[in-house]
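The values are calculated or read from the model by the stated rules, or taken from the named source; none is laboratory data. In this text the structure is predicted, and so the values were computed from the model without any measurement. We place every Cβ from the backbone using ideal geometry, glycine too, and count neighbours over all the protein chains shown. Heavy atoms of the whole protein, side chains included, go into the accessibility calculation; ligands, DNA and RNA do not. Shrake-Rupley method; radii C 1.70, N 1.55, O 1.52, S 1.80 Å.
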Amino acid sequence: MDIKRNVSVLQYNTFGIDVNAKYLASFKNEEDLKEILLSEEGKEKHQLILGGGSNILFTEDFDGLIIKNEIKGIEVIKETNDHVFVKAGAGENWHSFVLHCISNGYAGIENLSLIPGNVGASPMQNIGAYGVEIKDVFHELEAINRRTGDKQVFDNESCKFGYRESVFKNEYRNHFVITSVTYRLNKTHQFNVSYGAIEKQLQKNGVKELSLKAVSDAIIQIRESKLPNPKEIGNAGSFFKNPVITKDQFDRIKGNFKGIAHYQLPNGDIKLAAGWLIDHLGWKGKTIKNYGVHKNQALVLVNYDDASGSDIYNLSSEIIASVKEKTGITLEREVNIY
Ligand code: FAD
Ligand code: NAP
């Protein structure tokens, strides 16, 4: 067991925020995790389970214990006529896992290509992109209760998945360390390419017959053309969630916002594109010293150099206030703040 003291977290978060953690420990298996949890440092009140650090913003030094999950391993645990059940260690890189599934012909997560981070965080906010969410293929996960050390299995229903939400972001926040996730992937390939610019990109690539790899490649190309690469510009993807409002609320505001991007949900509510609102209010591309709002995607806040997490947090508060003042809508942060 290796627990470091007073460590910079710079290399552990894609926003590129340089603060210190009082303690940082990593584990490659459940036994090591239990040893960490039982140690003196494991008694720290303030704890953070860390994956790839691509959905977090540190606003100050972390006065506690960061526990980095590095459990690896991918195995097929069951097959039926239609499905393959694939179990992956929480510390596996998400995109490498997607590519592994594609090369084996397992369908269902190709639209989630190139999302940074690790397998263990995929259920946390029910990761989603291009019309697919993890809940669509999620079978179960294993997690260790931080307080008791007991292992618990959560099925799809008990994760209470919602739009960028799960039980682990709410009532069980910080209670469990997810150690593995099992996905139910499809042997037959049904493609979901109606979302956004996928079809256009497939045409551009001259794709005549759809395949898992062709869809994944198209999504990778779209993402690379729009989103800042965290290795070059610090960011944590979409900083805000898309707000969902009632049809009545929408009818009241739509006259003031010509061309407002909106999508009707199956229950009749309306999902607005938060990026459209932020752009419309003039924030897109705005740069303050060494941080700002990305020039291609107004939902993404960026750290161009050595900005502090509190600078970025304060910018997000200004954007929330501005959207509230002009639309009456309160944007919620998607990124986890520490
Ligand atoms: P971290 O940032 O390390 O952790 C996030 C949260 O999960 C923290 O609260 C942490 O404590 C908790 N956590 C992590 N691992 C565990 C575990 N094993 N057990 C318990 N708790 C844990 N997200 C999307 O949904 N869709 C996208 O399309 C998308 N695109 C992105 C594009 C870019 C360029 C970037 C930078 C981010 C994007 N994201 C997207 C956000 C992010 O990549 C995902 O949410 C990802 O799943 C986070 O994984 P992570 O391992 O980096 O989690
Ligand atoms: P986009 O395609 O420009 O679309 C803008 C917004 O409109 C998205 O937020 C998306 O909502 C919504 N949208 C587009 N087409 C839709 C449709 N047919 N039906 C319903 N809603 C639709 O978005 P983008 O920024 O390039 O991102 C592409 C995808 O990657 C999106 O799904 C987005 O969520 C995901 N992404 C997520 C993050 C993150 O950090 N969470 C970062 C980058 C990209 P949804 O967001 O609900 O899909």
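Here is the tail figure for the stretch 237-315: Cα pairs spaced more than 14 Å apart come to 64 percent of all pairs. How high is the FRET efficiency from Ile220 to Leu265, r the C-beta distance, R0 22 Å, rounded to 0.05? Between Ile220 and Leu265 the formula returns 0.20.
The share of accessible area on the stretch 36-96 that comes from carbon and sulfur is 44 percent, using a 1.4 angstrom probe. Close amide H partners of His139, meaning residues 5 or more places away or on another chain with modelled amide H under 5 Å apart, are Thr182, Tyr183, Arg184. Computing FRET efficiency as 1/(1 + (r/R0)^6) for Glu318 and Asn296, where r is the C-beta to C-beta distance and R0 is 25 Å, gives about 0.80.
Shown is the FRET efficiency for Lys200 and Lys254, computed with R0 = 25 Å from the Cβ-Cβ distance and rounded to the nearest 0.05: 0.40. Considering only Ile49, Leu37, Leu65, the residue lying farthest towards the positive end of the dipole of the stretch 30-71 is Ile49, judged by Cα position with unit charges set on Cβ. Estimated at the nearest 10 Å², the accessible area of Ser180 is 10 Å² with a 1.4 Å probe. Local charge for Phe58 was computed over the other residues whose Cβ lies under 15 Å away, with Lys and Arg +1 and Asp and Glu -1, and equals -3. Can you compute the charge dipole magnitude of the chain about its Cα centre, using +1 on each Lys and Arg Cβ and -1 on each Asp and Glu Cβ, nothing else charged? Give it in debye, rounded to the nearest 20. In total the dipole reaches around 920 debye. Once backbone amide H atoms are built at 1.01 Å from N, Ala129 has no partners under 5 Å, excluding neighbours fewer than 5 places away on the same chain. Of all lysines in the structure, those lying under 18 Å Cα to Cα from Lys43, and not within fewer than 8 positions of it along the same chain, are Lys4, Lys22, Lys34, Lys68.
Assuming charge only on the beta carbon of Lys and Arg (+1) and of Asp and Glu (-1), the dipole of the stretch 63-205 about its Cα centre is about 220 debye to the nearest 20.
Size check on the stretch 26-92: the Cα extents along the three principal axes, sorted descending, read 50, 27, 15 Å.
Computed from point charges on the beta carbon alone (+1 for Lys and Arg, -1 for Asp and Glu), the dipole magnitude for the stretch 64-105 about its Cα centre is near 140 Debye. In terms of overall dimensions, the C-alpha atoms belonging to the stretch 82-219 reach 55, 26, 23 Å along their principal axes, ordered largest to smallest. Calculated accessible area for the chain comes out at 49 Å² per residue, all protein chains present (probe 1.4 Å; ligands, DNA, RNA ignored). Packing-based ranking of 207-214, 41-48 yields 41-48, 207-214, ordered from highest to lowest mean Cβ neighbour count within 10 Å. Between His83, Phe250, Gln221, the Cα set farthest toward the positive side of the dipole of the chain (charges on each charged residue's Cβ, about the Cα centre) is that of Phe250.
A P(r) calculated from all alpha carbon pairs of the stretch 264-308, with 5 Å bins opening at zero, reads 5, 24, 22, 15, 12, 9, 6, 4, 2 percent. Only beta bridges with both residues in the chain are counted; by DSSP, about 80 percent of them are antiparallel.
Across the chain, Cα-Cα distances exceeding 38 Å account for 17% of all pairs.
Residues in the stretch 281-298 carry Karplus couplings, in order, of 8, x, 8, 4, x, 5, 10, 10, 6, 10, 8, x, 10, 4, 6, 9, 8, 5 Hz; the curve used is 6.51 cos²θ - 1.76 cosθ + 1.60 with θ = phi - 60°, and Gly or Pro positions show x. The local environment of Ala218, defined by Cβ-Cβ distances under 14 Å, has a net charge of +1 under the rule Lys, Arg +1 and Asp, Glu -1. Result for the chain in a Gaussian network model with C-alpha springs under 10 Å: among Phe250, Phe138, Phe168, the largest mean-square fluctuation is at Phe250.
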